[in-house]
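Take a look at the structure set out below.
The values are calculated or read from the model by the stated rules, or taken from the named source; none is laboratory data. Keep in mind that what you see is a predicted model, and the values were worked out from it rather than measured. Glycine gets a Cβ as well: all are built from the backbone with ideal geometry, and neighbour counts include every protein chain shown.
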Amino acid sequence: MLSIRNLHASVEAKQILKGLDLEVKAGEVHAIMGPNGSGKSTLGNVLAGREAYEVTAGEVLLDGKDLLELSPEDRAREGVFLAFQYPVEIPGVSNINFLKTALNEVRAYKGLPPLEAKEFLNKVKERQKLVEFDAKLANRSLNEGFSGGEKKRNEIFQLAMLEPKLAILDETDSGLDIDALRIVARGVNQLRSKDNAFIVITHYQRLLDYIVPDFVHVLYNGRIVRSGTKELALELEEKGYDWIKETVDAEGAV
Amino acid sequence: MSTKDDELLKELALEEYKYGFTTDIEMDIAPKGLSEDTVRLISAKKNEPEWLLEWRLKALRHFQQMQMPTWQNFEHPDVDFQDISYYAAPKTKPKLDSMDEVDPELLSTFAKLGIPLDEQKILAGVVAVDAVFDSVSVKTTFREKLKEQGVIFCSFGEAVQEHPELVKQYLGSVVPQTDNIYAALNSAVFSDGSFVYIPKGVRCPMELSTYFRINAENTGQFERTLIIADEEAYVSYLEGCTAPMRDENQLHAAVVELIALKDAEIKYSTVQNWYPGDKDGKGGIYNFVTKRGMCKGDNSKISWTQVETGSAITWKYPGVILKGDHSVGEFYSVALTRNKQLADTGTKMIHLGKNTRSKIVSKGISAGLSHNSYRGLVKIGPGAENSRNFTQCDSLLIGDRCGAHTFPYIESRNKTAKLEHEATTSKIGEDQLFYLTQRGIDPEKAVGLIVNGYAKEVLNQLPMEFAVEAQKLLAISLEGSVG
Ligand SMILES: Nc1ncnc2c1ncn2[C@@H]1O[C@H](COP(=O)(O)OP(=O)(O)O)[C@@H](O)[C@H]1O
Ligand SMILES: [Mg+2]
């Protein structure tokens, strides 16, 4: 589904991604771990098409389509969803109205008519239940005055509403207590299917107990330096990132 | 902010004006120029009583002695008062008894504006409309239905003929002729406008609405609106305005006076979309209006809501004189400027009675090279025991070449008064835009959503049908082709 080859990207003339390769197939969950500042969020932003992030080399294909050519809104309409590490507040814009606009724009792109009000509301109700999102929050202004955890859960609610092909969760677990973490993980697991894929960016093995990944990658210094299965996450947890840093830096020195 | 967003925001600021057509109608236009003769001509055309002619002439003499103000936050344009025609009317006599008699060109103009003059369409009877085309009032709908309740809703000219005692009693009682130079000018040459009287104890059964349209070239529009809510009466009134695109600036100098007697309430809403000029600042309306309400009786309430998106220069301060004890004044405003538009707008809340309360919510939105100023005065008189004011004054900037300014003035002469002021300035952030586009929303729509969210508290004050219209207007005003 997603094919990233030799991706180089920079922010404000600083090279962050330095030749990143990643293949994600439909139905898979990939976890990306790595120390702070290694470029995890940058990867998410580059895939979503944020303007400040400049791709200097490499290619990204989504089901064979050149993703890097598309505007952020068209990437979203093609099915790329980024659950933000820091979701912003948009005062006065109702969550529901925002979701309706987003959903109908995605549908229009696919040549589908807008959802009828009733269908839409049914979907809202059903999805709210699925990810255990408080109906009161759904009716408030978009993230305005939400706690950190509520914002993260709103990201998952939006994910459930928009049903993207490829979801990138950027540290969705940080700021969540254990109960909230379980709820979010349960939501994600219910949304998993053979047709979609997830890239789960996290610092902690903890989340991966609940969302069990097919593959785990370690991102360090702008590249994927280790790939493995969920055992790699356990090993990382045990030995810490210094272990990766040391071995990788040693390899680099050779 | 990155370059592409910058460009988008720049383009958003350039969307064209959609109401810029002119209408081909035979007009009866007075020769340009202002003198006693002009005033006599207008008064004669309108078949006015002697007292009103005298009143106008007195105003003219004031006008001739007044100087242009200098305190505003923009360079005052040179207005050549001798180069304006002070009266323009469609030649077909516009006082009509049925829709069939209205000039079809005129009807099609109103249709283009989306004004529901067709009676069946008037929102199933919830809105009565008075349309003012250049200087005369063309058609007032639902008059009969209103009459059953004793509500008078007619053109100003008709009120002078049919209810002279009310006009004489209240005209100039809230905005004196000498208030400012444009009020003096209006008092001398006002052409038409709307008149409303709600009798004691009556809740007006529908929204009353007036649409103003300037059509003829080189004419000014000087309408006069007078609304009186008698004791325990209630009325909600809305005005909308558009004008054709012209290279010359056109002057609009209206006066609106509201009077609320004991326990009465008046809600006055404006959606102003006069032609703002082109992107280089050529043409557009100078909107210099004086609007003021008087809470004359105890427990009365007046609230102004305005959505201002048009005009080359907007200069207005709808205010409330809180004379009755326990009376309430409110001002809710959204002013959007782009290209080279200038807006200097705000309110005056004059607390005179005991326990009077006022609330001011001002939301400025500036884009392009425009400048948007809030100017507000809260004045507490010595007798205004325990009065309260709350002012919230927010500015939203789109791009970095526009300006937002706030000038809050407070004069308090009573120690028991409590005044609160909050102000914020923000920019539409790249992060907000990206958040919305990442969900598949078109960047223009995203800006529209953000702006409407920001203005929500004010839009919520509008009657439902017009809130929708105003939301669209705000979104359209910021629309542009995205590269
Ligand atoms: N918008 C930005 N402007 C400047 N530097 C940035 C920006 N985004 C990321 N960076 C820099 O890029 C590097 C990688 O950051 P990030 O991708 O956020 O790492 P991670 O998510 O792995 O912690 C850091 O050095 C960070 O400071
Ligand atoms: Mg990060």
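From the list A:98, A:84, the lone residue that is touching a residue at least 40 places away in the same chain (Cβ under 8 Å), at negative phi, more than 16 Å from ligand 2 (Cβ to nearest atom) and under 20 Å from the mean Cα position of the chain (by Cα) is A:98.
Looking at (1) within 14 Å of chain A (Cβ to nearest Cβ); (2) modelled with pLDDT of 90 or more; (3) over 19 Å from the mean Cα position of the chain (by Cα), which is the one condition that is false for residue B:457? Result: residue B:457 fails condition (3) only. Filtered by the rule that a residue be under 29 Å from residue B:425 (Cβ atoms), more than 9 Å from every other protein chain (Cβ to nearest Cβ) and part of a helix (DSSP H, G or I), region A:40-94 gives a lone residue, A:41. Taking strands (runs of 3 or more DSSP E) as the structural unit, those lying wholly within region B:283-339 and holding at least 3 residues that are under 28 Å from residue B:381 (Cα atoms) correspond to B:284-295, B:301-308, B:319-322, B:328-337. Would you check if residue B:371 is out of contact with any His (no Cβ under 6 Å at 6 or more places or on another chain) and either closer than 29 Å to residue B:429 by Cα or modelled with pLDDT under 85 (or both)? Considered against the rule, which asks whether it is out of contact with any His (no Cβ under 6 Å at 6 or more places or on another chain) and either closer than 29 Å to residue B:429 by Cα or modelled with pLDDT under 85 (or both), residue B:371 comes out as yes. Number of residues in region A:152-195 that are at positive phi and crowded, with 18+ Cβ neighbours inside 10 Å: the value is 1. May I ask you to list the residues in region A:157-183 that are in contact (Cβ under 8 Å) with a residue 40 or more places away in the chain, away from ligand 1 (no atom under 16 Å from the Cβ), among the aliphatic types (A, V, I, L, M) and more than 23 Å from residue B:450 (Cβ to Cβ)? Correct list: A:166, A:167, A:183. Selection of region A:14-39 for residues being part of a strand (DSSP E or B), more than 14 Å from ligand 1 (Cβ to nearest atom) and charged (D, E, K, R) yields A:21, A:23.
If residue A:204 meets every condition in (1) within 13 Å of the chain's Cα centre (by Cα); (2) within 15 Å of ligand 1 (Cβ to nearest atom); (3) surrounded by fewer than 19 Cβ atoms within 10 Å (Cβ to Cβ); (4) not basic (Lys, Arg) apart from one, which number is that one? Only one criterion in (1) within 13 Å of the chain's Cα centre (by Cα); (2) within 15 Å of ligand 1 (Cβ to nearest atom); (3) surrounded by fewer than 19 Cβ atoms within 10 Å (Cβ to Cβ); (4) not basic (Lys, Arg) is unmet by residue A:204, namely (1). Can you tell me which residue within region B:397-435, out of those that are in a strand (DSSP E or B) and surrounded by 18 or more Cβ atoms within 10 Å (Cβ to Cβ), is nearest to the other protein chains (Cβ to nearest Cβ)? Checked region B:397-435; the qualifying residue nearest to the other protein chains (Cβ to nearest Cβ) is B:397. Taken together, the residues in region B:436-448 that are assigned to a helix (DSSP H, G or I), crowded, with 24+ Cβ neighbours inside 10 Å and facing chain A (nearest Cβ under 9 Å) amount to 3. Is it the case that some residue within region B:366-382 is crowded, with 18+ Cβ neighbours inside 10 Å and within 14 Å of chain A (Cβ to nearest Cβ)? No, that holds for no residue.
Of all residues assigned to region B:384-393, at least one qualifies as being within 14 Å of chain A (Cβ to nearest Cβ), assigned to a strand (DSSP E or B) and surrounded by fewer than 21 Cβ atoms within 10 Å (Cβ to Cβ). Picking from residues in region A:105-134 that are under 18 Å from residue A:165 (Cβ atoms) and either within 14 Å of another protein chain (Cβ to nearest Cβ) or free of Cβ contacts under 8 Å to residues at least 12 places away in the same chain (or both), the one that is surrounded by the fewest Cβ atoms within 10 Å (Cβ to Cβ) is A:111.
So for region A:43-52 (the condition being near ligand 2 (Cβ under 10 Å from one of its atoms) and either polar (S, T, N, Q) or more than 20 Å from residue B:433 (Cβ to Cβ) (or both)), does at least one residue qualify? The answer is yes, given that some residue of region A:43-52 is near ligand 2 (Cβ under 10 Å from one of its atoms) and either polar (S, T, N, Q) or more than 20 Å from residue B:433 (Cβ to Cβ) (or both). Looking across region A:141-151, the residues that are within 14 Å of another protein chain (Cβ to nearest Cβ) and crowded, with 17+ Cβ neighbours inside 10 Å come down to A:141, A:142, A:143, A:146, A:151.
Taken together, the residues in region B:468-478 that are of a type outside the set (Ser, Thr, Tyr) and buried (at least 20 other Cβ atoms within 10 Å of the Cβ) amount to 4. Of all residues in region B:140-184 being among the aromatic types (Phe, Trp, Tyr) and not in a helix (DSSP H, G or I), which is farthest from the chain's Cα centre (by Cα)? Looking at residues that are among the aromatic types (Phe, Trp, Tyr) and not in a helix (DSSP H, G or I), I get B:142.
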